[in-house]
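K.L.:
Before anything else, here's the structure in question.
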Amino acid sequence: MNSSSNPGLIPDFASNISPHSASNVAPDVVVVGAGLIGLAIALELNDRGASVTVVDHGRSLSEASTAAAGMLAVDDPHNPPELAALSRLSSQRYPAFLRRIEALSGIAVPFQTETTVQYMADGTTMRLAEHSIDPRQLAAALLAAVKATPIRLLEKTRIAAADDTLHGMQLRLSSGVELSSRALIYAAGAWTSEVMTTLHSDSISIAPRKGQMLRVRLPSALPLDEVHRSERVYIVPRTRGPQAGTALIGATVENAGFDTTVRTEDLDSLRALAAQLLPAFASATEAPLVESWAGLRPATPDGLPVLGACARTGQFIASGHYRNGILQAPATALVLADLLDGKPPSVDITALSPNRFARS
Ligand SMILES: Cc1cc2nc3c(=O)[nH]c(=O)nc-3n(C[C@H](O)[C@H](O)[C@H](O)COP(=O)(O)OP(=O)(O)OC[C@H]3O[C@@H](n4cnc5c(N)ncnc54)[C@H](O)[C@@H]3O)c2cc1C
């Protein structure tokens, strides 16, 4: 289906055709995956009057979206140029996105930093006007926001089958419950290909790309309120909230399947790289380890996200955000809601189309 000619799968958002209620089993839209991407889309669709159910096979916001550093790296010179329009729109939308979450949840999510020092390969640096946030603060606020809406969140649940019907599709959940839905959105992060294969949708290659990270206490001689970033490492200070006075050092980029083991030698390498930017981070006495973890970025072969309509009518994908999913969540939500609404998206997403993976 050509997404630009989509007449609107939710024909009448404004009049809210499907009444919201806890027992409603005929949502307009089912979203697969309750990461930041899936929940941001759910919130946007809900705000436009759609009835939304989100299904997650585990717990909401427990994967890449809370493993991230939280840089809104809109001007990172190493980003592919095809990301620029989506990233810029998202960066502009961030304040409104956070205000909407606060209005629903009562929880404010502050920006942690407002500038980034970018170290270039030729030894020069430049200062970028970019923000960062704490993704765990965002997750807590977003979850509370979603729970304050009629959005239905079904955790520890999978979709076992999706059959096309005259008016949309019939979904069978692992719990045995059947749902009829007008639209299905795949937003399952690094697991998106798996889910789409199970449900006989498009064949799209999205693979996990592991990132290990550590959080250390800031050296006392180094109050830090800017991100420091080179092509190989970043140091992201937390200036507010429960993690204030610490900094994240990340991250490895590994093809390791779904493995999330953290290795001391990899953390040591990250610390050594960070010390090349700010030498005080070399010492585990001056900057002691607080915690470490690994997460799985959803990566496509060309490093770009996949946004748009699938070949199967009524099915959409919003995944593959790789290293920029925290940044790109608000714009992704707008674009997907526009597509379902039958409107042209606010930015050109031709380069991000699922069609680029279509088999000839
Ligand atoms: C170490 C690291 C650092 C990062 N730093 C940054 C950063 O600084 N800035 C930035 O913008 N981005 C960053 N990212 C990238 C960002 O975290 C991701 O792009 C983004 O979180 C992807 O969100 P998502 O919702 O697609 O995936 P996820 O958050 O992984 O969510 C996917 C959800 O799908 C669910 N799911 C899986 N299988 C199924 C199934 N069969 N049925 C139902 N649900 C299913 C999972 O349980 C999960 O809840 C980083 C990532 C990592 C790992």
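The values are calculated or read from the model by the stated rules, or taken from the named source; none is laboratory data. If you're wondering where the values come from, they're calculated on a predicted model, not measured in any experiment. Note that we place each Cβ from the backbone using ideal geometry, even for glycine, and neighbour counts take in every protein chain shown. Only protein heavy atoms, including side chains, enter the accessible area calculation; ligands, DNA and RNA are left aside. Shrake-Rupley method; radii C 1.70, N 1.55, O 1.52, S 1.80 Å.
K.L.:
Against the definition (in contact with a His (Cβ under 9 Å, 6 or more places away or on another chain) and not in a helix (DSSP H, G or I)), how does SER203 come out, yes or no?
P.N.:
no
K.L.:
For the stretch 68-104, how many residues meet the condition of being small (Gly, Ala, Ser) and open to solvent by 20 Å² or more (accessible area, probe 1.4 Å)?
P.N.:
Qualifying residue count, the stretch 68-104: 6.
K.L.:
Give the stretch 105-138 a look and list any residue that's of a type in the set (S, T, N, Q), closer than 19 Å to ALA67 by Cβ and open to solvent by 70 Å² or more (accessible area, probe 1.4 Å), or say none.
P.N.:
Selection gives nothing.
K.L.:
Given the structure, is ILE10 modelled with pLDDT under 95, closer than 18 Å to PRO344 by Cβ and either touching a helix residue (DSSP H, G or I) at 6+ places or on another chain (Cβ under 9 Å) or part of a loop (DSSP other than H, G, I, E, B) (or both)?
P.N.:
For ILE10, the condition - modelled with pLDDT under 95, closer than 18 Å to PRO344 by Cβ and either touching a helix residue (DSSP H, G or I) at 6+ places or on another chain (Cβ under 9 Å) or part of a loop (DSSP other than H, G, I, E, B) (or both) - is met.
K.L.:
Only residues that are near the ligand (Cβ under 6 Å from one of its atoms) and either of a type in the set (Phe, Trp, Tyr) or open to solvent by less than 10 Å² (accessible area, probe 1.4 Å) (or both): list them for the stretch 34-59, please.
P.N.:
Correct list: ALA34, LEU36, GLY38, VAL55.
K.L.:
Confirm whether HIS200 is under 18 Å from GLY308 (Cα atoms), more than 10 Å from the ligand (Cβ to nearest atom) and not basic (Lys, Arg).
P.N.:
It is true that HIS200 is under 18 Å from GLY308 (Cα atoms), more than 10 Å from the ligand (Cβ to nearest atom) and not basic (Lys, Arg).
K.L.:
Another question, if that's okay. With respect to the numbered conditions (1) open to solvent by 20 Å² or more (accessible area, probe 1.4 Å); (2) free of Cβ contacts under 8 Å to residues at least 12 places away in the same chain; (3) assigned to a helix (DSSP H, G or I), which one is the sole condition not fulfilled by ASP338?
P.N.:
If we test ASP338 against (1) open to solvent by 20 Å² or more (accessible area, probe 1.4 Å); (2) free of Cβ contacts under 8 Å to residues at least 12 places away in the same chain; (3) assigned to a helix (DSSP H, G or I), just (1) comes out false.
K.L.:
Looking at the structure I just gave you, is GLY168 farther than 30 Å from ILE133 by Cβ and surrounded by 14 or more Cβ atoms within 10 Å (Cβ to Cβ)?
P.N.:
Taking the combined requirement at face value, the residue satisfies it.
K.L.:
Further question: If LEU184 passes every condition in (1) more than 9 Å from the ligand (Cβ to nearest atom); (2) among the aliphatic types (A, V, I, L, M); (3) not assigned by TED's automatic domain parsing to the domain that holds THR165 but one, which one does it miss?
P.N.:
(3)
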